[in-house]
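Structure record follows, encoded as C-alpha cells.
The values are calculated or read from the model by the stated rules, or taken from the named source; none is laboratory data. What you see is a predicted model; the values in this text were computed from it and never measured. Don't worry about glycine lacking a Cβ; one is built from the backbone with ideal geometry, like all the others, and counts go over all protein chains shown. Please note that ligands, DNA and RNA were not included when accessible areas were found on the heavy atoms of the full protein model with its side chains. Shrake-Rupley method; radii C 1.70, N 1.55, O 1.52, S 1.80 Å.
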Amino acid sequence: MTWDWNVFLTDDGSGRTYLQWMLDAWGWTLAVAGASWVVAMVVGALIGTLRTLPNSPWLVRFSNAWVELFRNIPLLVQIFIWYFVVPKVFPSMKELPSFILVVFALGFFTSARIAEQVRAGIQALPRGQRYAGLAMGFTTAQTYRYVILPMAFRIIIPPLTSESMNLLKNSSVAFAVSIAELTMFAMQAQEETSRGIEIYLAVTALYAISAFAVNRAMALVEKKLQIPGYIVAGVAGGGH
Amino acid sequence: MLGLDMSFLNWDIISKFVLKGFIFSIQLTVIATIGGIILGTLLALMRLSGKKILTVPATIYVNGMRSVPLVMVILWFFLLVPAGFYALIPGGSNYRAEISAIITFVAFEAAYFSEIMRAGIQSISRGQVNAGRALGMTYAQNMKLIILPQAFRNMVPILLTQTIILFQDTSLVYAIGAYDLLKGFSTAGKIYGRTEEAYLLAAVVYFVMCFGLSYMVKRLQARIAIIR
Amino acid sequence: QANDTIAKVKASGVVTMGVRDSSGALSYTLGDGKYTGYHVEICNRVIAALEKAAGRKLEVKYQSVTSQNRIPLVQNGTVDLECGSTTNNVARQKDVAFLYTTFVEEVRIAVKANSGITSITQLNGKNVATTTGTTSVQTLRKNERAKGIDFKEVFGKDHSDSFLLLESGRADAFVMDGSILAGNIATAKNPADYKIVGEVLSVEPIAIMIRKDDPAFKKLGDDTIRDMIKAGDMNKLWDKWFLQPIPPKNTKVGLALSDSTKAAWATPNDKPMEDYAKK
Amino acid sequence: MIELKDVSKWYGEVQVLNNCTTSIKKGEVVVVCGPSGSGKSTLIKTINALEPFQKGQIFVDGQAVHDPKTDLPKLRSRVGMVFQNFELFPHLSVTENLTLAQMKVLGRKIDEATKHGLKYLDRVGLMAHKDKFPGQLSGGQQQRVAIARALSMDPIAMLFDEPTSALDPEMVGEVLDCMMGLAVEGMTMMVVTHEMGFARKVGSRVIFMDVGGKILEDCSKDEFFNHPENRQPRTKDFLNKILQH
Amino acid sequence: MIELKDVSKWYGEVQVLNNCTTSIKKGEVVVVCGPSGSGKSTLIKTINALEPFQKGQIFVDGQAVHDPKTDLPKLRSRVGMVFQNFELFPHLSVTENLTLAQMKVLGRKIDEATKHGLKYLDRVGLMAHKDKFPGQLSGGQQQRVAIARALSMDPIAMLFDEPTSALDPEMVGEVLDCMMGLAVEGMTMMVVTHEMGFARKVGSRVIFMDVGGKILEDCSKDEFFNHPENRQPRTKDFLNKILQH
Ligand SMILES: Nc1ncnc2c1ncn2[C@@H]1O[C@H](COP(=O)(O)OP(=O)(O)OP(=O)(O)O)[C@@H](O)[C@H]1O
Ligand SMILES: Nc1ncnc2c1ncn2[C@@H]1O[C@H](COP(=O)(O)OP(=O)(O)OP(=O)(O)O)[C@@H](O)[C@H]1O
Ligand SMILES: [Mg+2]
Ligand SMILES: [Mg+2]
C-alpha cells in the first residue's frame, strides 16, 4: 500500500482543501466536547450531590432515576431519540439547532457517569466531615458547598479525567445529527478521495492529541488543587 | 400514539433481524469482559511490577488505547490486520468482522479494565500485602491468594459499570459491518421504513438489559462482598 | 498468485460476496443472513460462471460491507466480488477494478409532494438532506458553487436517517441516488406524500467491484454481464427489482429504466463516473 | 443547661439508645465512658442533633432539639464539638479552618474572624502553624486546632467524642492538657473518653453506658471512683479491664 | 537467634534507620518503644525482610537476611508477625486464615493444617468463632486470631508491631494476656508497644528508639525502669509523656 498525503492539499469541490476542512472539523469536535463538558459537569455535580442527601428520599429517587436512564441507553440511540422522537412530543424542539441537541444529549449522557463519580467521591469522605460541617452550624447546603464538595472533587479528579477524555471521544457520535466534526469528515472525505487510510490516520492522531491535551489540562488542575500534606485515596474510573 | 406504529415488529421480524444481532452483542460482551479482565489484570500487574521493561510497554499500551476513540480502533484493527491472520482461526474467514470485533474489544477493553484492576490492587492496604509475605508466601502466591481475590471483590461495581458501557459500545461495530443488536433493529427499521420505531424499541431493549444487568450484579455483589 | 480469483476459489471452494444490508433494491438483507437484490442476483450469475471456470461447486459466503470498509476488503482479499452499490470512479480505479456497468444512477431530489419544489434552484436557503459518506455530498457542494445557490446541508448518518429528516420536516429536500430515493419512498408510511423532482444532478455508473489486476476474472465477469444484456436478462431483472413488488413488504420501487442505463447496456463498458460528466 | 429526657433511638430494629435521661449544668464537666458500641457517640451526637432520635426530649439552653421548628444550624453553632478523628477541613489552611464558620455562620468579617480565631490558636499553642494545612500537622496538633476551631464560635458548651483515642500515646498529653485548661476555666463540657486520669482530675460527674444504649451509672466523680461497692457489676468489670494494664 | 549489625536504611534522602545494632537470644522478650516516626515499625520489618535495608547485616537463626541468595519467603515463614491492624484476610473465614499459608507455604494437607490451626485457635480462646469472617469479630478477637495464625506456622520467633494500639481500651487486656502467655512459655519475641505494663511484667530487655532511627537505649528491663538516672534525657521525656495520664 502506498501513501498519498497530497490528498489533504486537494480541493474538496467547494474551494477549500481537505486539510482546511479537517481543521474546521476538529474545531467542531472541540466545540461539541467543550460545551457538553460544561453541561455534564454542572448536571453531574448536581445529580451526584442529590444522590447523597440524607433525609430527602424523593430527590434521591429522582437523581437515581436520572442516572439509570441516561447511562443504560447507548449514546447513539439517545441522540437519535433527542433528534427525532422527542420533537414529536414537544414540536417546539424541532427548531433547536442540532448543535444544541447534541450538546444536551452528550452532556446528559456523561452527566450520569459524572454523577456516579461525584457520589463515589462524596461517599469516600469520612462521615465525620459531614458531622464536622454541621456541628459548626453550617446548613446542609453550606456543608456541601464549603466542606464536602471541595474535597470530593479533588478526590475524583483522576476518574473525571477519564470521563472528560471519554466525552471527547464520544463526541464522535455527533456526526449522526449532522455536525461536521472529525468523524463525519473522516467518513465523507474517505468516500470522496478513496484515501481512507491516510484520512483515518490523521483523524485518529487529532483525537489522540486532543485526548492527551485534556489529560494534561486535568493533571494541571489536579496539581493546582493539590493540598499540602494530604494523601488522596483514589476512586477508580472506567468508561469510554 | 405520537404517530408511531410498532405493529411492524412481529416475532417473525424479530427472529429474522434482531435475534442474530442480540446474540452477537451478548457474545461480544461476555468474551470481551472475560478476556479484557484477564488481559487487563496482566497489564495492571505489569504496571505495578516496578520493572521498567514491564511498566513502560504496559503504560504506553494502556494510555495509547485510552486516548483513541473505539470506532477508530475497530476500523484500524479491521483494515490493517492481514487476511492471512484470519485463515489461522478455524472458520475465521467466514466471520471476519465478528472475529475482528472480538479481538478489538478484548484488546481495547483490556486497557480500561487494567486501570480498574490497578486501582483495585492499590486499594488493598500495604498491611495485607505484608501479612501475606510475612507468612512466607511468594509474590505470585500473595497476588493470587490474597490481593487479587480482594481486589476483584472491591472492584465488582466498577467492573460492572464498565461491562454495561462495553455492552452499549458493541453498537459501534457498525463501522465494520458486524451485525449487532442495534444493527438488527435499524436494519429491520430501514427495510420496513420504520426507523423511528426501531430506534425507540432498541432504546427500550438496551435499557432493560443494562438496568437488569446492573441490578443482578448488585445483588450478586451483596452476596460476595467482603464482610467488614 | 494473489490476484487470481479463479485459482483462489478453485483451491478453497469458497467465494465471498460483499453485500449491503440496506442499499435499496440493489442489495439488502432479508434477515437470517439472507441477502438479495438486483446486484446480488447479477453476482449470482457471475458466480455460476465462476463455478464453471473453476470446475467445481462453490460455497457462497456473504460479507456485509459498509462504505467505509468495502474497498479495503476487496483489496485485502476478504471479499471476492462486491455486489453493493458502488460508484465506479477514477479514484477507486486506482485501488480496485469494476466489471461492466450494470446500472447508471441519476442523482435526483426527493421532496414532499405538496412542497411545490421542482428544481434545485428553488432550494436556495432551504435545508437539504443527504447522507454522510456518499458522493452526493460532493455533488451537492459542486452544484452549490456552480449555480451560485446557498442551502443548508443536513446530513443523515445513513439513507434512512436522511429520509427521516425529510419526513420529519427537518429538511425540505433529500438529494440522493434515484434508486435510493425511490426505495425509501416506497417503504415510507405514506409513499404518496413524496415525489422525485428536478434535473439529474449527476450521473454515476454503478458496478460490481473486484480486485485489481485480475484480467481472467474480470473478463469472466464482463462476459457474463454482456451475455445477460444480450439475452435480455438484464431487462428482466430490472423489471423484477424496480417495477414489480419486491420482498419483504411487497412494495414497488417504481423506477423506470433510464436512458443513461440503456446507453450503458448498449455498449457495455467500465468507464468511470468522470467520463459521464464530460459528455 | 443541657437536659435529656427519656431519649431513645433505633437503627431499624436495633435499639442504640434506651431511655437516656440526664442533665448537665453550667460549668460541669461530664465524662461518659462505657464499652465499644454502647452508644456513647450516638448519645453525644443527639445533643446537637447530628443524630436524630425517635423518642424523648432534649433541651439545650432552653431550646428544644426534638422540635422540628427549631433552627438546628443555629443551635449547633452554639455548641462546640470535637471528634475522634479531628475532622479538620483538609483543603483549608489552619486559619481558614478557624474562620470559615465564623464568617459564613456568624456573619463575622474576615478581619474580626481571623483575630478571634488566632486568639484561640494561640491559646492551644499553635500560632506558628497558622498557615499550614491539616495534613502537615501531627495528630495532637490537629486535635488542638480542632478545639480552637470549636472555641472560636464562642460556644456555650463543648462536646468531645473520644478526642484522644486516635492519637499516638505521646500526643495524648498535650490534648488532655488543653482540655483540662478549658475545664478549669469553667467551660461546660461533655467528654466521651476512656482516660480515667482526666475524669479523676477535672470531671464533675461520670456517666457509664452499657451495650444497648442504657445509662447504667450517672454519679459524681467521687462516688464513681471511691465507692466501688455501690457500682453495678458491669461497671466494675469494665473499669477492671481498662485499668489493669 | 536474631542479630542486627549496623543496619541503616534511607527513604530517598531521609534516614529512617541509623546503624542499629542489637541481638535477641532464644527465649528473650524484647520490647521496643519510642516516639512516632522513630523507625520502630521499620526496624522490626527489616528482620523478616518486609523492608529492605541499604547497609548492615541481619541474621535470623544463622541465615543472612541481607544476602540476595537467601530464600526470603522460606525465612519469613519461620518468623511469625502480628500487625497493628490485625491484617487478617477479610475474604477468608477464620479457619481459612489459619490454614492457607500452612497449605500453600508449608505444603501441609488440609486436614493436618486445620487440626494444627484450630489447636492454636483454641489456645487463644476463639474456637467458637472458627467459621466466622474477620469482619464479624471484634478488634480484640481479630488480633487473637492473627496471633493464632502466626503461631500455626510453628515460628521460631514472633514479631509484634503495636499489637494493641488499634484496639478499644477494654480489649487491650485480652490481647496482652494472650501475649504474656506466649512469653511465659518461652517464645522468643520482639514487641513494639507502648504498654509499659507489659514490658514490666514479661519483658527481658527494652530498646528505646528516637526519631532518625537511632537506638538510644538497649538494656535490661530492670535497668530501664529502675534506674532513671542512667537514662538519656529524651527517654525520660518520652516516658514522662506516656506515663503521665
Ligand atoms: N449508621 C448506623 N446504622 C446502624 N447501626 C449503627 C449506625 N451507627 C451506629 N450504629 C450502631 O449503634 C450502636 C452505638 O454506636 P456508637 O458509635 O454510638 O457506640 P460508641 O459507644 O460510641 O462505641 P465506640 O466506643 O466504638 O465509639 C453500635 O452498636 C453501632 O453498631
Ligand atoms: N514508604 C515510605 N516512604 C517514605 N518514608 C517513609 C515510608 N515509610 C515510613 N517512612 C518514614 O520512616 C520513618 C519511620 O517510620 P516507622 O513507621 O518505622 O515509624 P514508627 O516508629 O513505627 O512510628 P509509629 O509509632 O507512628 O508507627 C518515619 O519518619 C516515616 O515517615
Ligand atoms: Mg464512638
Ligand atoms: Mg509503627
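Okay, residues lined up against (1) in contact with a Gly (Cβ under 8 Å, 6 or more places away or on another chain); (2) among the β-branched types (Val, Ile, Thr); (3) away from chain B (no Cβ under 13 Å):
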| position | (1), (2), (3) |
| --- | --- |
| C:Asp32 | no, no, no |
| C:Ser64 | yes, no, no |
| C:Gln68 | yes, no, no |
| C:Pro72 | yes, no, no |
| C:Arg92 | no, no, yes |
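Looking at D:Leu243 and the list (1) more than 13 Å from chain E (Cβ to nearest Cβ); (2) touching a residue at least 40 places away in the same chain (Cβ under 8 Å); (3) open to solvent by 80 Å² or more (accessible area, probe 1.4 Å), which single condition is not satisfied?
(1)
Run down B:Leu88, B:Leu19 and say which single residue is within 13 Å of chain C (Cβ to nearest Cβ), at pLDDT below 90 and open to solvent by 60 Å² or more (accessible area, probe 1.4 Å).
When all the criteria are applied, what remains is B:Leu19.
Quick one: how many residues across the stretch A:172-202 are more than 9 Å from chain C (Cβ to nearest Cβ), touching an Asp or Glu at 6+ places or on another chain (Cβ under 8 Å) and surrounded by fewer than 24 Cβ atoms within 10 Å (Cβ to Cβ)?
Count: 1.
Of all strands (runs of 3 or more DSSP E) completely enclosed by the stretch E:162-232, which ones contain at least 1 residues that are loosely packed, with under 15 Cβ neighbours inside 10 Å?
Once the strands (runs of 3 or more DSSP E) in the stretch E:162-232 are filtered for at least 1 residues that are loosely packed, with under 15 Cβ neighbours inside 10 Å, what remains is E:214-220.
Which one of the conditions (1) of a type outside the set (Ser, Thr, Tyr); (2) away from ligand 1 (no atom under 16 Å from the Cβ); (3) more than 29 Å from D:His91 (Cβ to Cβ) does D:Met196 fail to meet, given that it meets all the rest?
The failed condition is (2).
List the helices (runs of 4 or more DSSP H) that sit entirely inside the stretch C:64-162 and contain at least 3 residues that are closer than 24 Å to A:Ala180 by Cα and without any contact (Cβ under 8 Å) to a residue 60 or more places away in the chain.
Because the criterion is at least 3 residues that are closer than 24 Å to A:Ala180 by Cα and without any contact (Cβ under 8 Å) to a residue 60 or more places away in the chain, the helices (runs of 4 or more DSSP H) in the stretch C:64-162 that meet it are C:135-147.
Would you tally the residues in the stretch C:39-61 being within 17 Å of the chain's Cα centre (by Cα) and within 30 Å of B:Trp76 (Cα to Cα)?
Going through the stretch C:39-61 one residue at a time, the tally reaches 3.
If you check E:Ile147 against the conditions, is it open to solvent by 30 Å² or more (accessible area, probe 1.4 Å), more than 30 Å from E:Pro233 (Cα to Cα) and either touching a strand residue (DSSP E or B) at 6+ places or on another chain (Cβ under 7 Å) or of a type in the set (Val, Ile, Thr) (or both)?
no
Given the condition away from ligand 2 (no atom under 16 Å from the Cβ), within 11 Å of chain A (Cβ to nearest Cβ), out of contact with any Asp or Glu (no Cβ under 6 Å at 6 or more places or on another chain) and small (Gly, Ala, Ser), answer yes or no: does some residue in the stretch D:52-67 qualify?
no
Which numbered condition trips up E:Leu98, out of (1) away from ligand 4 (no atom under 16 Å from the Cβ); (2) within 10 Å of chain B (Cβ to nearest Cβ); (3) within 22 Å of B:Pro149 (Cα to Cα)?
(2)
Select the helices (runs of 4 or more DSSP H) contained entirely in the stretch A:16-130, then report the ones holding at least 3 residues which are modelled with pLDDT of 90 or more and open to solvent by 30 Å² or more (accessible area, probe 1.4 Å).
A:18-50, A:57-71, A:98-124
Among the residues of the stretch B:60-81, count how many are surrounded by 22 or more Cβ atoms within 10 Å (Cβ to Cβ), more than 7 Å from chain A (Cβ to nearest Cβ) and either within 21 Å of A:Met187 (Cβ to Cβ) or of a type in the set (Asp, Glu) (or both).
2
Is it fair to say C:Lys147 is of a type in the set (Lys, Arg), at pLDDT below 85 and touching a helix residue (DSSP H, G or I) at 6+ places or on another chain (Cβ under 9 Å)?
So C:Lys147 passes the test.
Criterion first (open to solvent by less than 20 Å² (accessible area, probe 1.4 Å), over 23 Å from C:Tyr28 (Cβ atoms) and in contact with a helix residue (DSSP H, G or I) (Cβ under 7 Å, 6 or more places away or on another chain)) does C:Asp222 satisfy it?
Considered against the rule, which asks whether it is open to solvent by less than 20 Å² (accessible area, probe 1.4 Å), over 23 Å from C:Tyr28 (Cβ atoms) and in contact with a helix residue (DSSP H, G or I) (Cβ under 7 Å, 6 or more places away or on another chain), C:Asp222 comes out as no.
Looking at (1) open to solvent by less than 20 Å² (accessible area, probe 1.4 Å); (2) within 11 Å of another protein chain (Cβ to nearest Cβ); (3) over 21 Å from E:Gly39 (Cα atoms), which one does E:Phe238 not meet, given that it meets all the others?
E:Phe238 satisfies every listed condition except (3).
Criterion first (basic (Lys, Arg), away from chain B (no Cβ under 14 Å) and part of a helix (DSSP H, G or I)) does C:Lys218 satisfy it?
Yes; evaluated as a whole, the condition is true for this residue.
Looking only at residues in the stretch B:109-131 that are in contact (Cβ under 8 Å) with a residue 12 or more places away in the chain and facing chain E (nearest Cβ under 8 Å), which one is farthest from the chain's Cα centre (by Cα)?
Only one residue tops the list, namely B:Ala131.
Which members of the stretch C:74-88 meet the condition of being touching a Ser or Thr at 6+ places or on another chain (Cβ under 7 Å) and more than 10 Å from every other protein chain (Cβ to nearest Cβ)?
Result: C:Asp80, C:Cys83, C:Gly84, C:Ser85, C:Asn88.
In the stretch C:11-44, which residues are at pLDDT 90 or above, in contact with a helix residue (DSSP H, G or I) (Cβ under 8 Å, 6 or more places away or on another chain) and surrounded by fewer than 24 Cβ atoms within 10 Å (Cβ to Cβ)?
C:Val15, C:Glu41
Quick check on my filter: what residues within the stretch D:166-176 are facing chain E (nearest Cβ under 8 Å) and either out of contact with any helix residue (DSSP H, G or I) (no Cβ under 7 Å at 6 or more places or on another chain) or within 16 Å of ligand 4 (Cβ to nearest atom) (or both)?
Answer for the stretch D:166-176, where residues must be facing chain E (nearest Cβ under 8 Å) and either out of contact with any helix residue (DSSP H, G or I) (no Cβ under 7 Å at 6 or more places or on another chain) or within 16 Å of ligand 4 (Cβ to nearest atom) (or both): D:Asp168, D:Pro169, D:Glu170, D:Met171, D:Val172.
List pairs: first in the stretch C:227-248 and assigned to a loop (DSSP other than H, G, I, E, B), second open to solvent by 60 Å² or more (accessible area, probe 1.4 Å), Cβ under 8 Å, 6+ apart or cross-chain?
Note: pairs meeting the criteria are C:Gln244/C:Lys252.
Return the residues of the stretch D:151-174 that are under 17 Å from D:Gly27 (Cα atoms) and either within 16 Å of ligand 1 (Cβ to nearest atom) or of a type outside the set (Val, Ile, Thr) (or both); say none if nothing qualifies.
D:Leu151, D:Asp154, D:Pro155, D:Ala157, D:Met158, D:Leu159, D:Phe160, listed by residue number.
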